[in-house]
Amino acid sequence: MTKKDENYPKPSLAQQDALKRLDQVEEEKKKPYKKKKEPVSFRSIIMTLLLILILGLMIGNFFIR
């Protein structure tokens, strides 16, 4: 412990509880703004592959002609 810490009394149980609750409230307020990780769906993989296939065919036809 440093001398600075010795000058301040330890927080009471009420203060500790209030600080804990304040941390919980702050975390709850941040929750809507956090980006949620969504699993990659099978449908999005198929659509991406289909897009790549179509673009490949279009570019291929452009150079073949």
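The values are calculated or read from the model by the stated rules, or taken from the named source; none is laboratory data. What you see is a predicted model, and the numbers here were worked out from it, not measured in a lab. Heads up, the Cβs are rebuilt from the backbone with ideal geometry, glycines too, and the neighbour counts pull from every protein chain shown. Areas reflect the complete protein model, heavy atoms only, side chains present, ligands, DNA and RNA absent. Shrake-Rupley method; radii C 1.70, N 1.55, O 1.52, S 1.80 Å.
Taking label points 7 Å from Cα along the Cα-to-Cβ direction, Asp23 and Ile64 give a separation of 6.5 nm.
The count of lysine pairs in the chain whose Cα atoms are under 26 Å apart, excluding pairs fewer than 8 places apart on the same chain, comes to 10.
Per atom type, the chain shows carbon and sulfur on 64% of its accessible surface, probed at 1.4 Å. Calculate log10 I(q)/I(0) of the chain for q = 0.19 Å⁻¹, where I(q) comes from the Debye formula with a single equal point scatterer on each Cα and nothing for solvent. At q = 0.19 Å⁻¹ the computed log10 ratios are -0.89.
Using a probe of 1.4 angstrom and keeping all protein chains present, the accessible surface of the chain works out to 112 square angstrom per residue.
Residue ranges 51-60, 31-40 sort as 51-60, 31-40 when ordered by packing (mean number of other C-beta atoms within 10 Å per residue, highest first).
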